[in-house]
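So the structure is just underneath, and the comments pick up after that.
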Amino acid sequence: MSVLQAACSQKAEKVEVAPARNCGILPLVPLYDFRCRACAHEFEALVRGTDPPRCPECDATDLERLLSTFVSSTDDRRRAAAKDSRQRQIRGRRDQLVADAEYRKEHEH
């Protein structure tokens, strides 16, 4: 069972749940992407209250908040992702065909 499932299975008063427009299954979590200005490490951090997040690599607090991937989605990005997915599927299929041909060649009597 995932942490999300475990959290959602608890009583409603203990779990802060997103409004109905999000199907009511996602807890509200302020999760942000950051880049450390000291070591250039990129990471996600859960930000609560007034405590600033720290870089997990160097423990610095001088961080740049980045746009999340889902926020910066554009038509061009979606097209590029679809093209990349198709190319990976074609390569995978081609590799499978070559492997099948080699297997048949080695195992023919």
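So how many residues does region 57-103 have that are among the hydroxyl-bearing types (Ser, Thr, Tyr) and either on the phi > 0 side of the Ramachandran plot or at pLDDT below 80 (or both)? Residues flagged as among the hydroxyl-bearing types (Ser, Thr, Tyr) and either on the phi > 0 side of the Ramachandran plot or at pLDDT below 80 (or both) within region 57-103 amount to 5. From the set of residues in region 45-55 that are exposed (fewer than 12 other Cβ atoms within 10 Å of the Cβ) and in contact (Cβ under 8 Å) with a residue 12 or more places away in the chain, which is nearest to the chain's Cα centre (by Cα)? My answer is Leu46. Inspection of region 11-20 identifies no residue that is at pLDDT 80 or above and either more than 21 Å from the chain's Cα centre (by Cα) or loosely packed, with under 10 Cβ neighbours inside 10 Å (or both).
The values are calculated or read from the model by the stated rules, or taken from the named source; none is laboratory data. Computed from a predicted model, the values in this text were never measured in an experiment. Positions of Cβ are backbone-derived with ideal geometry, glycine not excepted, and every protein chain shown enters the neighbour counts.
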